[in-house]
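Undergrad: I'd like to ask you about the structure that follows.
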Amino acid sequence: MKKLVLVVDDDRLFNQLLVEQIADLGLDCIGALNWKEAEQTLLEAEPDLIFMDLKLPDADTPKLVEALSPQYPIVVLTGYGSIRNAVSLIQAGAVEYLTKPVGLDELEIIIRRELDSAELRRRNAFYRRQLESRRPGPLIGDSRAMREVLDLIEAVAPTEATFSTAPGIRSPAGSLKKRSSRPCGSVWATIVRAGSMTISLAPRARVSASAWAWASHTLPGLKPHSSTSSVSA
């Protein structure tokens, strides 16, 4: 499966050129001329790398970098390079800072390096979750209800999820946190009562099709509670 790169730059000609150069490297690439278009793309796809212009017409790029960098590697592009800007953006979470125009050789080196680094981080996170799942946790018990809780935790943990429980129930949330790579808010799993549970998806939330199929099979009758939520392929 090809890696996906998102280019966000309001310079139409440069955007098109960069998209074509990245496609020539054998990668899928989507161009967005502003943050509104980019935001829509992020709701529909999961890019492996983002190139973002420093000065977007409808957003503050440094703030976007700070918000998005925990989830996506971001390379910032600018026509006005400065050491101060570079340092501040790297501190905000950008993986690289490039001055336009970008040479093809430099572009390929950066893309390959950052995609390899991102893949390594994903694998490390996966292995950490596998190790954590084999360690004794705060949940003890072998009843049917308890097994359902544990199965639900395992299903939700690989997603970008947080876990919310009924008042006074803390252990499931702790178990999920140990198994999850990111404490994001896409999915909310709520224990309603022992042996009965629902998953309530936040607006625009997306869950991988495989994770949802597994959870639905494990817990018959499990349904999303938000009409705006979706299950992605």
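Derivation of every value follows stated rules applied to the coordinates shown; laboratory data play no part. Source: prediction; values computed, not measured. Please note: Cβ atoms are built from the backbone with ideal geometry, for glycine as well, and neighbour counts cover all protein chains shown.
Undergrad: Once the convex hull of the alpha carbons of segment 4-128 is built, what does its volume come to per residue, in cubic angstrom?
TA: 105 Å³
Undergrad: Distance in nm between label sites at ASP24 and ILE90, each 7 Å beyond Cα in the beta-carbon direction?
TA: 2.9 nm
Undergrad: Of all chymotrypsin sites (Phe, Trp or Tyr not before Pro) in segment 1-85, which ones are in loop regions per DSSP and have a Cβ with at most 14 other Cβ atoms within 10 Å?
TA: Here the sparse-neighbourhood loop sites are TYR80.
Undergrad: How long is the gain from SER117 to LEU131 if the chain were fully straight, where each residue apart is worth 0.36 nm and the alpha carbon distance is subtracted?
TA: 2.9 nm
Undergrad: Within segment 4-128, what percent of beta bridges assigned by DSSP are antiparallel, to the nearest 5?
TA: 10 percent
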